[in-house]
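Encoded as structure tokens, the structure appears first; notes follow it.
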Amino acid sequence: MNRLKTFLSEYGGRSAEPSPANRMMAAFARDFRDGFDINLGVGYVNEKTIPAGLFVEAMQAVAGDPRRYRQAFNYGGPEGSPNLIRSLRQFLLRHEAGLDEALLAARRLIIGPCGAMSVLEGFAEICPPGIVATSDPGYYIYLDALERRGFRLLAIPEDEDGLRTDLLRERLNALGEDAARVSFFYVMTVSNPTGAVLSNARRREVLEIATEFSRRQGRLVPLVFDLAYEQLVHDPALPRPESVLGQDEMGIAYEVGTLSKILVPALRIGYLLGPDGPLMNAMVQRTSDAGFSAPLFVQEMASWLLDGPIDGQIRTVNGGYREKAAAVRTAIHEQLGPWLESVTGGSAGFYFYLTFRELETHPESRFFRILTRGGEAPRVMYIPGVYCVAADGELREASRRQLRLSYGFEDTDRMVEAVEWMRRAAEQCG
């Protein structure tokens, strides 16, 4: 046995032990019993929402038109396919309120090396280590990655309208000299895990706060809006989300988007829209360093899909999630009502976030062990709330009674069955 020690960077040392999300994804890929176990945890999309036939058409179109999709099976440029950038601009004009041709022309759009997460991870590479102001609960995969890279989270609790701007102002003012260490702001417009939709008024307030903060600091502090689920606002009662890029006078606001939720995760297409300048140049260079570009033929397929069937695909996907959300919401209240304190989500994306009055849901709880032990009963996988909150945040204790439930992957009848298994587990816990 080799007893010599491997020397790792600080990030490498923190990464040597897999994160909770890493372990759960690995367990899902390795041990999940298709058709028997029930996945309400890992945020996969439902296979029935994936238009496999369209991808065959897209591949044939790209391969059959080498003049338009030139060198599609070769390396691409680090900024992204010109075809895809053009297609995305037209897509955003149709689907993102608050944008017009003049505004888009004044902003740069680039493609990341591997999905939206690679774009977000890029901010952790090019921005100085320090404090990231974000929501709590938050996108646990990214926030966990930030902490492994040495960032500290300024975790701001949410309410039904998203990140609480009153608390954001308060906590920023309380930083004192540490305000100089704020690296960037990171805000999901539709929260993963809670499903809370950031209201248009809150978006404007967040931008105002970040702008005022940048002025006080005498530097541009980036404000990153993560739009991963924004095209999946399927509750017709909700106002259409509006971009605030047109109100960004200082040039600090950026939008990160993806095609994973409305088309298919395997495309791995993520993009960044924002003001041109050193930050964008650095992000393009990072894509080059990571492997020149996202696979070019995939970018060209995505361009073809955006130019053609995407609008119908979005309507179909949102209609399906709207129906599933209604059925799962009913099951949650009918089956788990006696134990519940609150439920958020179900209007956009594909998550519900449950808070129980006394029932504990963390990985060491009896509830979790009952649902995940398998055997003759199906394993029911969910994301424990303790994975989703900041380790030193004020929601740590409450998170022991919380969980995220995804209605994205399973069919409706299987999700309803899973909620029934949750009720049985709750009854066993007393």
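Details
- Odd one out for Thr194, checked against (1) at pLDDT 95 or above; (2) open to solvent by 10 Å² or more (accessible area, probe 1.4 Å); (3) farther than 25 Å from Met280 by Cα: (2)
- Among the residues of the stretch 401-430, those that are under 22 Å from the mean Cα position of the chain (by Cα), crowded, with 17+ Cβ neighbours inside 10 Å and of a type in the set (D, E, K, R) comprise Arg404, Glu410.
- Scanning the stretch 99-113 for residues that are surrounded by 12 or more Cβ atoms within 10 Å (Cβ to Cβ) and in a helix (DSSP H, G or I) turns up Leu103, Leu104.
- Ala290 being out of contact with any His (no Cβ under 6 Å at 6 or more places or on another chain), open to solvent by 40 Å² or more (accessible area, probe 1.4 Å), assigned to a helix (DSSP H, G or I) and among the aliphatic types (A, V, I, L, M): yes
- Lone unmet requirement of (1) surrounded by 19 or more Cβ atoms within 10 Å (Cβ to Cβ); (2) more than 27 Å from Met415 (Cα to Cα); (3) among the hydrophobic types (A, V, I, L, M, F, W, C); (4) modelled with pLDDT under 95 for Trp304: (4)
- Counted residues, the stretch 307-337 - those being open to solvent by 30 Å² or more (accessible area, probe 1.4 Å), at pLDDT below 95 and among the aliphatic types (A, V, I, L, M): 0
- As a summary of the residue check, Pro265 satisfies the conditions (1) more than 22 Å from Val206 (Cα to Cα); (2) crowded, with 16+ Cβ neighbours inside 10 Å; (3) not acidic (Asp, Glu) except for the one numbered (2).
- Strands (runs of 3 or more DSSP E) fully within the stretch 320-430 that include at least 3 residues being touching a helix residue (DSSP H, G or I) at 6+ places or on another chain (Cβ under 9 Å) and not aromatic (Phe, Trp, Tyr): 340-345, 402-406.
- Condition check for Arg204: outside any loop (DSSP other than H, G, I, E, B) and basic (Lys, Arg): yes
- Any hit, the stretch 35-48, residues being closer than 17 Å to Gly270 by Cα and either open to solvent by 30 Å² or more (accessible area, probe 1.4 Å) or part of a helix (DSSP H, G or I) (or both): yes
- The stretch 234-256 residues that are of a type in the set (Lys, Arg), paired with ones that are outside any helix (DSSP H, G or I) (beta carbon under 7 Å, 6 or more apart): Arg240/Ala97
Residues checked against (1) under 30 Å from Gly251 (Cα atoms); (2) open to solvent by 50 Å² or more (accessible area, probe 1.4 Å); (3) acidic (Asp, Glu):
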| residue | (1), (2), (3) |
| --- | --- |
| Arg30 | no, yes, no |
| Arg33 | no, yes, no |
| Met59 | no, yes, no |
| Gly77 | yes, no, no |
| Gln90 | yes, yes, no |
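- Residue within the stretch 202-216 that is open to solvent by 20 Å² or more (accessible area, probe 1.4 Å), under 30 Å from Leu354 (Cα atoms) and in contact with a strand residue (DSSP E or B) (Cβ under 8 Å, 6 or more places away or on another chain) present: yes
- Residues in the stretch 345-368 that are surrounded by fewer than 17 Cβ atoms within 10 Å (Cβ to Cβ) and either under 17 Å from Gln335 (Cα atoms) or more than 27 Å from the chain's Cα centre (by Cα) (or both): Arg357, Glu358, Arg366.
- Being more than 30 Å from Ala398 (Cβ to Cβ), open to solvent by 20 Å² or more (accessible area, probe 1.4 Å), aliphatic (A, V, I, L, M) and touching a residue at least 60 places away in the same chain (Cβ under 8 Å) is a condition met by at least one residue of the stretch 114-129.
The values are calculated or read from the model by the stated rules, or taken from the named source; none is laboratory data. Small disclaimer: the values here were computed from a predicted structure and weren't measured. Cβ: placed from backbone, ideal geometry, glycine included. Neighbour counts: every protein chain shown. Heads up: the accessible areas ignore ligands, DNA and RNA and are worked out on the full protein's heavy atoms, side chains in. Shrake-Rupley method; radii C 1.70, N 1.55, O 1.52, S 1.80 Å.
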